[in-house]
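Remarks on the structure that follows.
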Amino acid sequence: MAKPRRGNRIITSPQFFGRLRWLDRRPLLDTMEPYRRDLLTRALDTRRPDGTPLYNFVVSGRAKKNWKTTDLVLAALYCLTIRGGDGYLLANDEEQAGDDLGLAKKLVAINPDLSAELEVYRKEIRCRDGRGSLKVLPARDVLGSHGKTAVFIGFDEIHGYRNYDLFEALAPDPTRADTLTWVTSYDTIWSTPGVPLSDFKARGKAGTDPRMLFSWYSGDYCTDPAFAELEPELRANPSISSWPEGRAYLDQQRQRLPTHKYRRLHLNLPGAPNGAFLDQAAVMSAIVTGRTSLPYEDARKYYGFVDMSSGGADDAVLAIGHMEDGRAVLDLVAKQPGEAPGFNPLAAVQKFVTISRGYGITKVMADNFAGHLFKAEFEAYGGLIYEISYKGKTTFYEELEVALNAGEVELLDDVKVQEQLLTLVLRGAKVDHQPGDHDDHANAVAGCVWLMRTALRYQDDVKFVTPLAFWSGPRLVPGSDAPVGELACPERVAAPAPPVEEKPALNSPVQAKPGWQTELQRQRVNADKSAEYRYMRPRGNEPWRSFVGVDGVILGSRKPHG
């Protein structure tokens, strides 16, 4: 193995790894996909004008079985051998630490150049010339050891970390310009601010840390342009081509694992946060695997719901669905052309009108965002009626929850919709996304479900009986002040008897009525004018008038003065 420097020449990572062999004795670089070689090269060889490494923090996320740990160990061996100094590689538990250390030991043993430089001990690997060591430990062995510094600090799987205790216990050496902290993991269980991996992801997506290298492959987000437009399974598993069974392995895991675990392990998607509003199992069971959209069919009545956006951080989203055998079925979820922020909302209007017309929809419902701002635009581009719902999104989500728990909804296999639904939380009396998150896709889907189920209830509540019975009309007979009339109705048709409401048993619990029943009752009461006719007649003809004085006091109720 060449020494770290010869004169002023720095040994680069391709030169270092080009001398090594993998465990099956093939050249190491021949076993590494281009995206992995690119990650290691950028992380270890990108330098600032003064010659010091540019990146001192790497966050690398991929689904399971995509060589995350291997790349972490390779980076650790490079830093130990080339840069020198003490380093730590922290695993979740003793077993994982043993696996990480075992891989490092095997690489040293099979490569004579490495074994000439390094010697292996029970829990660490040391440089033979005393320039440094690499300790591989379970994370709990480091907790409480505040004040330790290192040139290389590797974290293998931090998806379960809820605080920064480990990062505070072990800090990079402030006296060295070539320190490197490397985090590798699949996504966090707690996708909330204040959780390390959630914060790291937010910082990486924002691009606000110039010394942080963010490499992320998941079902809904990818930093690599070569994979960003692929389907979720391929986007989250960039090394799938190296698996002996290929895609069949994912199909097998999908059948054997609970859905929420499959999403985290093999799509690198976050788990449900604390205080999640929707039941994760109910959401996942409603998803029809592999269904991304349904085509238009003549016999169906379609409903459309729009969650508009002005072009800021939120997407503009259209959801289309239909009712089938009492179930709300989602047919399509579409967003605006281009990405948020910075898209043209008028382009979203044109796209949504075109799609809606293709499904035979002449009227779409929308939430109350921006009031009537987009109403004229929807009507101008194709004459689509744009109706605004003044119900809050909490109403939509509560309706969706009922449908999910009853198994009366079918959702599309849409990664963004899944993530947004699973990360909704209760915030006081309202249902909303977490700070920094979005719920535009979830709101459109929930609004569409609410629209379909509300329409179905009103259809069930209004019954038409044919042939119709009708009243021939009152008429006055000369010499009589009583109106007479007759009921004209075919003999064999009888008007349906009104339902008889049974009185509740004594002390029985009060049964709350659903909101839609209360609304119908209110409308019926307001439409009944009999009370108005009864009590708004001119005063003076009431049978009790003779017992009441002009001032409204019952006669004889006053006591005599004296």
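The reciprocal of the average 1/r between distinct C-alpha atoms defines the Kirkwood hydrodynamic radius, which for region 212-303 equals 15.5 Å. Across region 11-271, Cα-Cα distances exceeding 29 Å account for 28% of all pairs.
Computed extension length for Arg47-Glu33: 2.7 nm, one decimal, from 0.36 nm per residue of separation with the Cα-Cα distance subtracted. Calculated on C-alpha atoms, the gyration radius of region 178-223 divided by its Kirkwood radius gives an Rg/Rh of 0.94. Annotation: aspartates and glutamates with alpha-carbon distance below 19 angstrom to Lys391 (same-chain offsets under eight excluded): Asp307, Asp367, Glu399, Glu401, Asp432, Asp439, Asp440, Glu519.
In this label model, Thr149 and Tyr164 are separated by 1.8 nm, measuring between points 7 Å along each Cα→Cβ vector.
Computed over region 281-459, the Cα gyration tensor eigenvalues convert (square root of 5λ each) into semi-axes of 22, 20, 15 Å, ordered from largest to smallest.
What do you get for GluC sites (Glu not before Pro) in region 320-429 restricted to DSSP loop and a cutoff of at most 13 other Cβ within 10 Å of the site's Cβ?
Sparse-neighbourhood loop GluC sites (Glu not before Pro): Glu339.
For the peptides 89-99, 291-301, 443-453, residues were scored by their other Cβ atoms within 10 Å and the scores averaged per peptide; the highest-first order is 443-453, 89-99, 291-301. Among residues other than Val120 with Cβ under 14 Å from its Cβ, the summed charge is +3 (Lys and Arg +1, Asp and Glu -1).
Hey, with R₀ at 30 Å, roughly what FRET efficiency would Ala340 and Val402 work out to, going by the Cβ-Cβ distance, to 0.05?
On the way: r = 30 Å, r/R0 = 1.01.
Once rounded, the FRET efficiency stands at 0.50.
If amide H atoms are built 1.01 Å from N in the plane of the peptide, which residues on other chains or at least 5 residues away come under 5 Å of the amide H of Arg427? The answer is Asp432. Each peptide in 426-432, 229-235 receives the mean, over its residues, of other Cβ atoms within 10 Å, and ordering these scores from highest gives 229-235, 426-432.
Determine the alpha carbon to alpha carbon distance for each of Lys301/Lys375; Lys261/Lys430; Lys205/Lys335; Lys351/Lys393; Lys64/Lys393 and list only those over 31 Å. In this structure, Lys64/Lys393 exceed 31 Å between Cα atoms.
No value in this document is a laboratory result; all are computed from the given coordinates. Just so it is clear, the model here is predicted, and its values are computed rather than measured. Cβ sites come from the backbone with ideal geometry, for glycine too, and all protein chains shown count toward neighbours.
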